Every structure is written in structure tokens, then in C-alpha cells.
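Data first, discussion second: the structure below is written as C-alpha cells.
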Amino acid sequence: MPQSMLGIINATHELDTFQNLTAHRSIAALPFAGRYRLIDFMLSNMVNSGITSVAIFTGHGVRSLMDHLGCGKQWDLDRKRDGLFVFTPDGKSKNEEFGSFAHLAKNITFFLRSRQKYVVITNCNIIGTINFSSVLDHHIKTEANITEIVHNGVSLQTYILEKELLLSLFEQYKGQGYYSILDVINKRFDNFKVEKYECKEYIATIDSLDSYYQHSMDMLKSAAYYQVFTKDEPIFTKVKDEPPTRYKIGAKVSNSLIANGCMIQGEVENCIISRAVKIGKGAVIRNSIIMQKTQIEDNCVLDGVIIDKDVKIESGVKLTGTRENPYVVEKGSVQKGR
């Protein structure tokens, strides 16, 4: 039955609520939990559910995302038949709303050529574990036209429906300005049998700087972490070969996620540290997210900050943010000491 599902991931979100974290990357490529990207979660959920054909619709600024996805090998999607398909903007229309209902309809040939009976449509910025096979079973059992996945009663804008129904919607509503499949469902709500499938495990939608920080910090809580990262349904990502992290004399680390390749001499508490980060002697880092290859020199004090990749924090610098308003340091910048 899982082979009867075609996966569609909308990776076109261009929100201005992440400050400069998305200035050089799409939301789909935003790092999460030290070694993953946001898109890894829904992509892995699909693969774990037995889906072998996944299409990703992207917007602009996707160099980082394309580098991360490659040919789909990390998700076993580098196949001769089915596999990973990436639809990027063609650049012919400045006003085209990528990821919209019209954008999907424009690539109708892909849907016509696919062999799967059902389609799963979701977004790239959802964190958590969803078994789409279970959702499909519910969809068939209830004889629904469309099944909408929700969490705590709130829509995740994730749907399962028959491909033939989706194709008929393309034909009926092309050129009428509907942005999402949700708009079309609401337009004809009385004509469809719409069932809801409630996800009871940890699920989060990352749509702002605040939600990104809050849900990142949630991964430091074992109850949330083990609902997202399970043995039976692993989250796959692009592998970076790094040596183990080195903890030098004087290092003190508590309640933190530390990726490979780091060198730590200072104190780290309640933090998420990506690969190849260097933290100097006497530095104190708390309640912070530090992205890859950042260098934090001696005697720095950082609390409540998000530091993008390739940043240099010179000796003695003090930066403070709050849980509600974390301090963000731009990619590749240098924070000079006094």
C-alpha cells in the first residue's frame, strides 16, 4: 500500500520572520538540532512510510537546499525508477507564486506520469514523526475524499487524496487564483468528505524566529527528543564526515546537543552546537544555537543567542538575548572584542 503514495513537499516558503537566518538559504535548508535541516523531517517521514517517489517544489535561493539534497542518496531516493524530483523556478515570471496550487498544476505532466494512486501533500517546515501509511489506512477506512492531518486540532496543511481527484481539481480550478490546496478544499467543502487525522506525538511547525528557537530548545528535553528521533523511524540527513568532538581540560557541558568535529574548552549549558564549532577557554555559552564552523574565542559570554554558520566571536565578547527575543548573529560576520 505505501507504494501507492506519491509524496509532494512544498519548499517554497519565503517568510520575513526569521531575520537574516533565511537571507542566504531557504527555510527548507535551515539547520535544526545540530545536524539536520528542516526538510529532512518530512522527507524522512515519507521514506519511512515506504514512499519511493517524492517531488519537492522550491522557490528562489535554493543553492544550499540543492547542495543538501543532492541526488537523494541519503534517503534512498537515487533510483532508476521513481526517486527524488526537484522542481525549481523557471524564471520566466516574476509574479509566479511558487508552491501554489497553480504551480503544481503547471507541472501536471509529472502527476500524469506517476504510477501511484494516492498523493501526500505537505510542507517542508514541519518537525516531528508522521507515519503516512497509518494516515492512508485511516483515509481508506473512512472512505474520505480528502484526509487532513492535524495536531491538537490545528491543521498541518498536510493532506492525502487520490491522484485522480487532484487532477480533476487542477482541471476545474486552473487560472482561478487559488493559492493552496486548502483554498480549493474550503471552496468546495460541502462537496467533499474531509476527514481529520490527529497526530498525538510531538509536532511543530517552524514559521518564525520565535518558533525556531523555542522548538529547537525543546529538543533538549528528553520527552520531546525521543518522540521526534525514534529508533524505528529515523531521520535521515546528508552525512558530513567529521572526527569526534574533542573536550579539552576545563570543558564543562550539560544538557546540550553537540555535533561531531567540535573542540570545546569552555562551559556549554542548554545549547545546540553544530559540527566543527570551536569554543575557547573560559567561554560560557548558555541557551543558544551555534551553527557550523563558528569560532568562539576565549572568555566570551553568550546567552540566548542564535549564531549562523562561519561566524567569528572574538575574545571577551558578551551577547545576550532572551527566550522570547533571541539575539541573532549573521552568517560569516565577525563580532569584535573591545
Carbon/sulfur fraction of accessible area - the chain, other protein chains in place, 1.4 Å, % | 46 percent
Give, as a single signed number, the net charge of other residues whose beta carbon lies under 13 Å from the beta carbon of LEU220, with Lys and Arg counted +1 and Asp and Glu -1.
-> +1
Is there a pair in LYS200/LYS240; LYS240/LYS312; LYS240/LYS309; LYS73/LYS141; LYS163/LYS231; LYS238/LYS309 whose C-alpha atoms are over 25 Å apart, and which pairs would that be?
-> LYS200/LYS240; LYS73/LYS141; LYS163/LYS231
The chain - accessible surface per residue (Å², probe 1.4 Å) = 47 Å²
For the chain, what is the relative contact order in percent, using Cα pairs closer than 8 Å and at least 6 residues apart in sequence?
-> 15 percent
The alpha-carbon center of the stretch 284-332 and that of the stretch 200-278 are separated, in whole Å, by 15 Å
Taking the alpha-carbon centre of each part, the distance from the stretch 1-38 to the stretch 117-143 in Å is 18 Å
With no solvent and one equal point scatterer per Cα, compute the Debye intensity ratio I(q)/I(0) for the chain at 0.06, 0.10, 0.12 Å⁻¹ and report its log10, rounded to two decimals.
-> -0.23, -0.62, -0.86
Take the Cα of ASP210, step 7 Å along the line toward its Cβ, and report every residue of the stretch 307-338 whose backbone nitrogen sits under 17 Å from that point.
-> 321-328
Set the Förster distance to 51 Å, then compute FRET efficiency between THR142 and SER315 from the Cβ-Cβ distance, nearest 0.05.
-> 0.25
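The values are calculated or read from the model by the stated rules, or taken from the named source; none is laboratory data. The shown structure was predicted, so the numbers you read here are calculated from the model rather than taken from an experiment. Note: ideal-geometry Cβ built from the backbone for every residue, glycine included; neighbour counts use all protein chains shown. Accessible surface areas use protein heavy atoms only, side chains included; no ligands, DNA or RNA. Shrake-Rupley method; radii C 1.70, N 1.55, O 1.52, S 1.80 Å.
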